[in-house]
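Below is one structure; the comments refer to it alone.
Laboratory data are not the source of any read-out in this text; all were calculated from the coordinates shown. A quick note: this is a predicted structure, and the numbers were derived from the prediction, not measured. All Cβ positions, glycine included, derive from the backbone under ideal geometry; neighbour counts span all protein chains shown.
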Amino acid sequence: MKARISVKGIVQGVGFRPFVYRLAHEHGLPGWVLNCSSGVEIEVEGTKEQVVAFARDVRGKAPPLSKVIDVSSEFSTSEGLVGFAIRESVAGASKSTLISPDIGICDDCLRELFDPDNRRHLYPFINCTNCGPRYTIIRDIPYDRPKTTMSTFVMCTSCQGEYDDPLDRRFHAQPNACWECGPRLSLVSHDGKEIGSDDPIAATIDQLKQGRIAAIKGLGGFHLAVDAENDEAVRRLRRRKMREAKALAIMALDTRVVGAYCHIKPEEEAWLTSQRRPIVLLEKKKGNSIAESVAPGNRFLGVMLPYAPVHYLILKNDFGALVMTSGNLTDEPIAMENGEALRRLREIADCFLVNDRDIYLRTDDSVIRVFQNREMPLRRSRGFVPVPVHMDRQLEPILAVGAEMKNTICLSRGNAAFVSQHIGDLENLETYEFFRMTIDHLKRILEVEPRYIAYDLHPEYLSTKFALEQDDLHPIGVQHHHAHCVSCMAEHDLSGAVIGVSFDGTGYGLDGNIWGGEFLVAERHGFTRKGHLRYIPMPGGAAAIREPWRMAIGFLHTAFGSSLKDQDIGLVRNAPENHVEILLRMISSGVNCPQTSSCGRLFDTVSALLNVTGSVSYEGQAAIELELLAQDNGPEDRYDFGVDEAAGVHIVDTVPVIAGVVADVRKGTDPAVISTRFHNTVASIVCTVCQRIADSAGLDRVVLSGGVFQNYFLLSKTVAMLSGTGFRAFTHSAVPANDGGIALGQLAVADEMVRMGKSI
Amino acid sequence: MNYDRIVLAHGSGGQLGNDLVEKRFLPFLSNSILDKLNDQGVFELGKQRMAFTTDSYVVSPIFFPGGTIGDLAVNGTVNDVSMCGATPMYLSLGLILEEGLPLEELDRIMLSIQESTREAGVQIVTGDTKVVPKGSADKIFINTAGVGVLDAGVCISADNVRVGDAILVSGFIADHGMAIMSVREGLVFDNPILSDSAPLNGLVRDMMASGAEIHAMRDPTRGGLAATLNEFARSSGVGIAIGETELPVRPEVAEACRLLGLDPVRVANEGKLVAAVRDSDAESLLEVMRRNPRGGDSRIIGTVVAGPKNTVVMKTAKGDTRIVDMVVGGSLPRIC
């Protein structure tokens, strides 16, 4: 009999046809394989048992970079095919299939890289169909060499031979290259002059050994690298990059080396060594040799293994670990072009290890943390994008433009939601232009034209302003915390009503206030606000976010009125004399004093009361530093809080919490104890309000979303407490809990609204 | 944003105010003069080109360091007439007085009106007075209108900004807004912040006489420099790039802004102008402006660029480039 087998998923540009070719030979079946618009089409002839076994192996033994989503077979009578052929792609081939993300070097290429007899010995751009650049070099589809930034390199005879040979690992490997014909490295100074032209790798190693800062071009952009064990060099990098406190990521050769610095759990090791190669947050070992300035005061360290051949060449023999941080000035997007890097990083880097393979689309490193044996993405980018989040339904054609900070965008096609790489904070001009370029690029390579545009209700978000200028798209506004909750629902294919707990820093509320400590009864298409933290004034608006002591004054005023000045705590004592007075006046007159229910601000305040942070240099700093104080084996008790119900809305009074913290501070209680008690309190608030809502609404599913739930300590406590009281708690593992997940939520909400006719 | 009634943000000089004009006023009132949406209407009466404007003043407090509601009402209208290059001549004065206003305060306001009309060289030639019950107004509201004459061929307009132009500002920004705020919020500084309320027609006369090619000119009142530059960029379909370190801001004003969480580029001025000028004329014009007492601290703060279109960007002191957009309503934080 004859079988026609259709395979869908990531099956092009990943060595799928050679794999099928080899498989057919193994099974001894005649037939053919080709790329078509929906994926890969195969025909084989044999006995029923033979073709069924073959089809099973197509799925079961698929190449490492492929992702088979569907295999369907149709049977008919044999025609008497002879031999097995890889046929020319049919017209429109590879137009609607999935593009692979960029993938870390595979074991075969790594072996060849260090094999003195191999013709690619030490070649920094070695790759094959199982590894190498993809998403970052694709200008347009179909994914063929002329449509990538490799188009300027003409393959030599040997490379062309591999490229044309169906049995070769490099059959149709679009970035295929070698010493003879491919891209080259060079190490240059600010003015573009070459340093150490005969061996740029050795020269770079030499520079790094001397404590210099090297800008190194990788897959998705430039890194700034310094020797991670050289404290002085790391401090210099911080100074020049204007990055005061936020932890820097490191790269080390393998898990054996990493094991000397950090504790590694099995799931963490699996992620470290996966070809996606994210930065994984690991707990530091005491007395490790990494400079303290890499992650000052932090129990954790962001660690990744090398993923581009060039990283291996630098790390192989010479360094324990390198700091590898995004090649940018704080707030700007990562630099990707050689000229751009020389211009923008000239004040930071001492030398630049560049190459002539252009990056078309910048992509930052991804960052994950392992939570209860599953990944919890903090930044979803290289290695993950553009793999879509698959939904349980066909989606309307929607573009979701995300939030303002940590922006990502999301486009739908079929049942797939394509969340973009991390874009960044839109107020920065380069980032905003990157935002627009990413929208155009994703529309082009996915071949979709959205009809709807989903956006945040915050009138001042630049993504919102962009959305409202798109006259040809039907706009659908989605409330920020609703989007958070539905992003988590979409990940878990949840339908119907759930309790959505959305705790974050800032989101525009339906009443015009700043929300961020929200309890919703959420469905995909809509929500009811069933509870929230009490409103507190934010003296100075955005300034109260950058300077947590201001927010603390807002809380203290709510707790103690004007007698807050009598509270004998450092925050009040240390504030410049007239500043407290001025803030109190702002609160009473309401000048630049928005009201907020934000849980992020509550964290900021407690952090400020403990004198942890007066002002912050990066988003979430105060909360992160507070989390680092909390102890796993700390006290189990908590501070008091109140819950008042008015018209079915549960309002959490946080004043007793603040009063409790102030009392502890005045008593001189250990900040670690205060922080632990505070975390216990927030978990208890979540659980208590969920129970009240459940009592009246009869719901037992709780989704936890929003940036506050990146707090590992809080998340563990909350999930345990919810589970202990009979709730099923859902957390993020496909997109971040922070605003990087907003676009997915917007898309899912808009989709359901269109389906229900609610948006027209 | 959809509102079914007026909110305060409709009056804060942001996008909501623009929406009000474009969606609710122009559909009823559209004509070729009004549609330009400049701060003044320009038309011909007989052979004479005229500029005509009106403005209402509701500032609180009515007395503040550096001025009163009275001189503000004269200067604001004089400046609006002047910004198209016209010479202001005659003003009207409409007063709405709240029951209970002490006559002594009214007298002080009249004195300041007299002084500012003298400096500007204009005359109040018609007026009106209404008194309303206590609570229906806040002490005193003033409306003024002004007319001026304009030479043939002068074309200074927000839609006339060209790529390559230099952007000039006539002195320290954010003084007026922060003077008012400081009084309201009880900010005390060693050097008190004074309003910059002043007539600019003398400065404009010197600028016109210099022969420099001035393409656009505006006084950045409500919404501050950011709003004015965004109006330039959008009306002319160009980009504007300014440098944070080039902006003239007095230290005490910068400190007050920091304390209140405000951005000096979004705070009101009442005696400053911003101009887009042919680049080759900019330095010589700057000299002329600096010789006038109302332009002594004039500076070049940026340039007009081809793109991104309709956008104002600012290179910050830190070195990154930030979009300075038009605010829609109030000043809600958008960071997390």
Step by step: first the residues of segment A:724-760, then only those that are small (G, A, S) and out of contact with any helix residue (DSSP H, G or I) (no Cβ under 6 Å at 6 or more places or on another chain), then the one that is farthest from the other protein chains (Cβ to nearest Cβ). Which residue is that?
A:G726
Suppose we filter A:G477, A:G496 for residues that are within 19 Å of A:C690 (Cβ to Cβ) and without any contact (Cβ under 8 Å) to a residue 60 or more places away in the chain; which single one remains?
A:G496
In segment B:236-267, what residues are away from every other protein chain (no Cβ under 14 Å) and in contact with a helix residue (DSSP H, G or I) (Cβ under 6 Å, 6 or more places away or on another chain)?
B:S236, B:V249, B:V253
Do we have any residue at all in segment A:463-484 that's away from chain B (no Cβ under 14 Å), under 13 Å from A:A743 (Cβ atoms) and not in a strand (DSSP E or B)?
no
Within segment A:537-561, work out how many residues are among the polar types (S, T, N, Q) and either surrounded by 19 or more Cβ atoms within 10 Å (Cβ to Cβ) or within 14 Å of chain B (Cβ to nearest Cβ) (or both).
0
A:R346 meets each of (1) surrounded by fewer than 22 Cβ atoms within 10 Å (Cβ to Cβ); (2) in contact with a helix residue (DSSP H, G or I) (Cβ under 9 Å, 6 or more places away or on another chain); (3) within 14 Å of another protein chain (Cβ to nearest Cβ); (4) under 26 Å from A:P183 (Cβ atoms) with one exception, condition (2)
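Okay, residues lined up against (1) surrounded by fewer than 24 Cβ atoms within 10 Å (Cβ to Cβ); (2) more than 9 Å from chain B (Cβ to nearest Cβ); (3) touching a residue at least 40 places away in the same chain (Cβ under 8 Å):
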{"site": "A:R585", "(1), (2), (3)": "yes, no, no"}
{"site": "A:S597", "(1), (2), (3)": "no, yes, yes"}
{"site": "A:D604", "(1), (2), (3)": "no, yes, yes"}
{"site": "A:S607", "(1), (2), (3)": "no, yes, yes"}
{"site": "A:N611", "(1), (2), (3)": "yes, yes, yes"}
{"site": "A:V616", "(1), (2), (3)": "yes, yes, yes"}
{"site": "A:E619", "(1), (2), (3)": "yes, no, yes"}
{"site": "A:A623", "(1), (2), (3)": "no, yes, yes"}
If A:P397 meets every condition in (1) more than 9 Å from chain B (Cβ to nearest Cβ); (2) surrounded by 19 or more Cβ atoms within 10 Å (Cβ to Cβ) apart from one, which number is that one?
(2)
Single residue of segment A:517-536 satisfying the filter (in contact with a Phe, Trp or Tyr (Cβ under 9 Å, 6 or more places away or on another chain) and closer than 29 Å to A:D392 by Cα) that is nearest to the other protein chains (Cβ to nearest Cβ):
A:E518
Might you check whether a residue that is surrounded by 21 or more Cβ atoms within 10 Å (Cβ to Cβ), assigned to a loop (DSSP other than H, G, I, E, B) and in contact (Cβ under 8 Å) with a residue 60 or more places away in the chain occurs anywhere in segment B:146-156?
yes
Picking from A:L34, A:L98, A:L110, which residue would you name as being touching a residue at least 24 places away in the same chain (Cβ under 8 Å) and farther than 30 Å from A:V448 by Cβ?
A:L110
Of the residues in segment A:429-468, those that are acidic (D, E) and crowded, with 23+ Cβ neighbours inside 10 Å come to A:D456
Restricting the search to segment B:204-256, which residues are farther than 24 Å from B:V328 by Cβ, within 17 Å of the chain's Cα centre (by Cα) and either surrounded by fewer than 17 Cβ atoms within 10 Å (Cβ to Cβ) or without any contact (Cβ under 8 Å) to a residue 60 or more places away in the chain (or both)?
none
For segment B:166-189, which positions are of a type outside the set (D, E, K, R) and within 11 Å of another protein chain (Cβ to nearest Cβ)?
B:I180, B:M181, B:S182, B:G186, B:L187, B:V188, B:F189
Given the conditions (1) within 14 Å of another protein chain (Cβ to nearest Cβ); (2) farther than 28 Å from A:M251 by Cβ, which single one is not true for A:N415?
(1)
Qualifying residue in segment B:5-15 (condition: within 14 Å of another protein chain (Cβ to nearest Cβ), in a helix (DSSP H, G or I), surrounded by fewer than 11 Cβ atoms within 10 Å (Cβ to Cβ) and basic (K, R)):
no
Check segment A:431-438 and report whether any residue there is out of contact with any strand residue (DSSP E or B) (no Cβ under 8 Å at 6 or more places or on another chain), part of a helix (DSSP H, G or I) and more than 14 Å from every other protein chain (Cβ to nearest Cβ).
yes
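Let's see how each residue does on (1) under 15 Å from A:A497 (Cα atoms); (2) surrounded by 22 or more Cβ atoms within 10 Å (Cβ to Cβ); (3) touching a residue at least 60 places away in the same chain (Cβ under 8 Å):
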position	(1), (2), (3)
A:T669	no, no, no
A:I674	no, yes, yes
A:G698	yes, no, no
A:G707	no, yes, yes
A:L714	no, yes, yes
A:A720	no, no, no
Out of (1) at the interface with chain A (Cβ under 9 Å from one of its Cβ atoms); (2) crowded, with 18+ Cβ neighbours inside 10 Å, what's the single condition that is false for B:A276?
(1)
Using the structure shown, decide if A:E404 is within 14 Å of another protein chain (Cβ to nearest Cβ), of a type outside the set (A, V, I, L, M, F, W, C) and part of a loop (DSSP other than H, G, I, E, B).
yes
Members of segment B:287-323 that are more than 9 Å from every other protein chain (Cβ to nearest Cβ) and either part of a loop (DSSP other than H, G, I, E, B) or small (G, A, S) (or both)
B:N292, B:G295, B:G296, B:D297, B:S298, B:G302, B:A306, B:G307, B:K309, B:N310, B:A317
Scope segment A:571-583; condition within 14 Å of another protein chain (Cβ to nearest Cβ), surrounded by 20 or more Cβ atoms within 10 Å (Cβ to Cβ) and under 38 Å from the mean Cα position of the chain (by Cα); matching residues
A:L583
Within the bounds of segment B:77-99, is there any residue that is surrounded by fewer than 16 Cβ atoms within 10 Å (Cβ to Cβ) and among the acidic types (D, E)?
yes
Would you confirm whether any residue within segment A:51-63 is within 21 Å of A:D107 (Cβ to Cβ), assigned to a helix (DSSP H, G or I), of a type outside the set (S, T, Y) and over 36 Å from the mean Cα position of the chain (by Cα)?
no
